[in-house]
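Notes to accompany the following structure.
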Amino acid sequence: GHKRKNWKVRKFVLRADPAFLHYYDPTKVHNKPVGGFSLRGCLVSALEDNGVPAGVKGNVQGNLFKIITKNDIHYYIQASSKAERVQWIEAIKPLT
């Protein structure tokens, strides 16, 4: 979260044209995204399990990657597996 540095479960939808990543709260019935950002000019990379920034609360189980937007906003995302992390990174990189 941007205001409270803790982990939240989110559903992500990657769009190619325009290159955008939307995220949704899976507990809500409506299909409106709670946030998102353009992928143009972003950097995406895998993180080691100890790469979580200081002050982030909650259980970190690995499979982390980070997206830095062109406006220098850092998004830390935890995939459900290492294979899924690789798939996300490989899908996002061509759109940056």
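The values are calculated or read from the model by the stated rules, or taken from the named source; none is laboratory data. Because the structure is predicted, anything quoted here is derived from the model rather than measured. Calculation scope for accessible area: heavy atoms of the full protein, side chains included, ligands and nucleic acids excluded. Shrake-Rupley method; radii C 1.70, N 1.55, O 1.52, S 1.80 Å.
Split the accessible area of the stretch 11-93 by element, probe 1.4 Å, and carbon with sulfur accounts for 51%. Quick note on the stretch 11-93: its Rg to Rh ratio, both from C-alpha atoms and Rh being the Kirkwood radius, is 0.95.
The alpha-carbon of Lys32 sits under 17 angstrom from the alpha-carbon of none of the aspartates and glutamates, leaving out residues fewer than 8 places away in its chain.
If the segment from Tyr75 to Glu90 were pulled out straight at 0.36 nm per residue, it would be longer than the present Cα-Cα gap by 3.7 nm.
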